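Student: Questions regarding the structure given below will be posed in turn.
The values are calculated or read from the model by the stated rules, or taken from the named source; none is laboratory data. All values reported here derive from a predicted model rather than from experimental measurement. All Cβ positions, glycine included, derive from the backbone under ideal geometry; neighbour counts span all protein chains shown. These accessible areas exclude ligands, DNA and RNA; they are computed on the full protein's heavy atoms, side chains included. Shrake-Rupley method; radii C 1.70, N 1.55, O 1.52, S 1.80 Å.
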Amino acid sequence: MATSTTQLLSTVEHRDTLPEGYARPESDRPRLAEVASDSNIPLIDLASHDKPRVIAEIGQACRTYGFFQVTNHGIPEELLVKVMAVALEFFRLPPEEKEKLYSDEPSKKIRLSTSFNIRKETVHNWRDYLRLHCHPLEEFVPEWPSNPAKFKEIMSTYCREVRLLGLRLLGAISLSLGLEEDYIEKVLGEQEQHMAVNYYPRCPEPDLTYGLPKHTDPNALTILLPDPHVAGLQVLRDGDQWIAVNPRPNALIINLGDQIQALSNGQYQSVWHRAVVNAVQERMSVASFLCPCNSAVISPARKIVADGDAPVYRSYTYDEYYKKFWSRNLDQEHCLELFRGQ
């Protein structure tokens with residue numbers, strides 16, 4: 001059986017062809033030549049003094065795209081640069097260092113792994129990732145990597161900043177739905193926060209595989225720090241057109257997760273998205289997830305269904321949802337379909 005260090009893509013040089021187990025069947029390949037670009041992807045300036053306009057823009061983006069990019073978000077540019085640099089430094093550590101953190105157990109809160117769920121999937125994804133739980137920080141940081149030396153300091157600073165931004169955005173999303181600003185935050189309870197530090201190596205045959213296949217996020221909100229120089233995120237528009245999301249300088253990408261779709265009674269979309277790879281450059285990304293507490297009860301906001309709209313989804317706890325999500329393959333039907341009301 002392969003050892004963990006040989007399973008990690010970041011440990012082995014892959015020269016000419018995909019290793020066994022990574023090529024997708026013909027019907028499930030990225031068809032990169034058919035991907036479009038979209039110059040209308042919402043870009044929202046959070047420093048604008050016109051707050052009603054910002055809230056309206058966020059609402060429109062949530063209805064039509066399910067994601068948007070934000071500038072002037074308050075996280076210093078120099079911190080974003082440091083996060084990417086120390087993340088790349090981690091993936092370039094020698095195999096024996098990375099071995100200390102490797103695990104393919106999905107429930108482990110701090111682990112280095114590869115693909116998505118290496119134990120049960122039949123085709124692997126061209127990605128290594130470091131998964132970190134981030135709230136409360138003092139509980140988890142001691143178990144984070146001690147090498148590189150600055151890793152804990154830089155990443156914990158970023159985690160605090162991202163949490164503040166995420167809560168601010170949830171407030172704006174609440175207002176855009178006509179709800180109290182703190183409505184979503186209260187419903188979600190003491191939110192968990194975790195992070196995936198993703199590394200996508202150069203790939204010899206990028207047309208045959210994915211970094212991550214299409215999926216929606218099971219959480220409430222995802223804040224993505226993309227590689228500023230290499231595109232790879234793609235989102236699905238109108239059910240059939242993949243569009244490339246090109247990184248903007250110092251912008252962060254905000255994805256709605258399944259729980260916002262449920263709370264909004266389907267008015268807002270949890271966007272299908274995927275990560276593709278390329279033959280020329282490695283790529284990094286850092287995804288931060290704000291998640292409801294496990295006991296949070298998720299159902300469409302009463303104010304939204306009071307106007308006569310029938311609830312699209314039944315009530316459920318986040319714990320129930322999350323277990324269902326992880327019991328499936330990543331790219332199966334939308335997990336929310338399993339929670340539709342009777």
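Student: Calculate what fraction, in whole %, of the accessible area of the chain sits on carbon and sulfur atoms when a 1.4 Å probe is rolled over the protein chains.
Tutor: On the way: 7500 of 15270 Å².
On the chain, the fraction of accessible area on carbon and sulfur atoms equals 49 percent.
Student: Above 23 Å lies some portion of the pair distances; for the range 69-186, what is it as a whole percent of all C-alpha pairs?
Tutor: Here the tail beyond 23 Å accounts for 45 percent of pairs.
Student: Over the range 9-131, calculate the relative contact order: mean separation of alpha carbon pairs under 8 Å at least 6 apart, over the residue count, as a percent.
Tutor: This gives 26 percent for the range 9-131.
Student: Once you have the Cα-Cα distance between Ser295 and Arg31, take 0.36 nm times their residue separation minus that, and quote the gain in nm to one decimal. Working shown, then result.
Tutor: Details: separation 264, 0.36 × 264 = 95.04 nm, distance 4.06 nm.
Full extension of this stretch gives 91.0 nm more.
Student: Normalised by the number of residues in the range 143-216, what is the relative contact order in percent for Cα pairs under 8 Å and 6+ residues apart?
Tutor: Result for the range 143-216 is 15 percent.
Student: Sticking with this one: Could you tell me which of rounded, prolate or oblate describes the range 222-279, using a ≥ b ≥ c as the square roots of the eigenvalues of the alpha-carbon gyration tensor, with rounded for a/c under 1.5 and, failing that, prolate when a/b is larger than b/c and oblate otherwise?
Tutor: Details: a/c = 2.77, a/b = 1.61, b/c = 1.72.
Oblate.
Student: To make sure I understand the rule: partners must be lysines, Cα under 22 Å from the Cα of Lys82, and not fewer than 8 residues away in the same chain. Which ones qualify?
Tutor: Lys98, Lys150, Lys152
Student: With a 1.4 Å probe and all protein chains kept in place, how do Met84, Met155 rank by accessible area, largest first?
Tutor: Details: Met84 25, Met155 0 Å².
Accessible-area ranking of Met84, Met155, largest first: Met84, Met155.
Student: Where is the GNM fluctuation largest for the chain (alpha-carbon springs, 10 angstrom cutoff): Asp227, Asp45, Asp28?
Tutor: Greatest mean-square fluctuation among the candidates belongs to Asp28.
Student: At 1.306 mPa s and 10 °C, plugging the Kirkwood radius over alpha-carbon pairs of the range 77-126 into Stokes-Einstein gives what diffusion coefficient in µm²/s?
Tutor: My calculation gives 125 µm²/s for D.
Student: Calculate, for the range 100-159, the solvent-accessible area per residue in square angstrom, rolling a 1.4 angstrom probe over the heavy atoms of the protein chains.
Tutor: Accessible area per residue, the range 100-159: 42 Å².
Student: Then there is this: Taking only C-alpha pairs under 8 Å that are 6+ residues apart, what is the relative contact order of the chain in percent?
Tutor: 21 percent
Student: Can you compute the equivalent ellipsoid semi-axes for the range 240-342, i.e. the square root of 5 times each eigenvalue of the Cα gyration tensor, sorted largest first and rounded to whole Å?
Tutor: Gyration-tensor ellipsoid for the range 240-342: 30, 16, 14 Å.
Student: Going by accessible area, probe 1.4 Å, with all protein chains left in place, what is the ranking of Ser146, Ser315, largest first? Intermediate values should be presented prior to the final figure.
Tutor: Details: Ser146 85, Ser315 65 Å².
Heavy-atom accessible area, descending, gives Ser146, Ser315.
Student: So, by mean Cβ neighbours within 10 angstrom, what's the order for 159-167, 202-210 with the highest one leading?
Tutor: Most protected by this proxy first, the peptides run 202-210, 159-167.
Student: Taking the DSSP beta bridges in the range 42-186 as the whole, what percent of them are antiparallel, to the nearest 5?
Tutor: The antiparallel fraction comes to roughly 50 percent.
Student: Using a 1.4 Å probe and counting only protein heavy atoms, arrange Arg302, Arg248, Arg111 so the residue with the most accessible area comes first.
Tutor: Descending order: Arg302, Arg248, Arg111.
Student: When the chain is modelled as a GNM with alpha-carbon springs shorter than 10 Å, which of Pro213, Pro247, Pro25 fluctuates the most?
Tutor: Pro25
Student: Further, regarding this structure: Projected area of the range 29-91, taken from the Cα convex hull and averaged over every viewing direction, in nm²? Walk me through the intermediate numbers first.
Tutor: Values: hull surface 28.0 nm².
One quarter of the hull surface, i.e. the mean projection, equals 7.0 nm².
Student: With the cut-off at 29 Å, report for the chain the share of all Cα pairs above it, as a whole percent.
Tutor: That tail contains 37 percent of the Cα-Cα pairs.
Student: Still on this structure, please answer the following. What residue among Leu263, Tyr129, Leu212 has its Cα farthest toward the positive end of the dipole of the chain, where the charges are +1 on Lys, Arg and -1 on Asp, Glu, each on the Cβ?
Tutor: Looking along the dipole axis, the top candidate is Leu263.
Student: Turning to a different aspect of this structure: Given the -39500 (n - 2.57) contribution per DSSP H run of 4+ residues, what per-residue ellipticity at 222 nm results for the chain, rounded to the nearest 500 deg cm²/dmol?
Tutor: So the helix-based figure for the chain works out to -8000 deg cm²/dmol.
Student: Next up: Among all the lysines, which ones have a C-alpha under 19 Å from Lys120's C-alpha, if same-chain residues fewer than 8 places away are not counted?
Tutor: Lys108, Lys109, Lys214, Lys323, Lys324
Student: Go through the cysteines of the chain and tell me which have no other cysteine Cβ under 4.7 Å away.
Tutor: Here Cys62, Cys203, Cys291, Cys293, Cys335 come out as lacking a disulfide-compatible partner, given the Cβ-Cβ threshold of under 4.7 Å.
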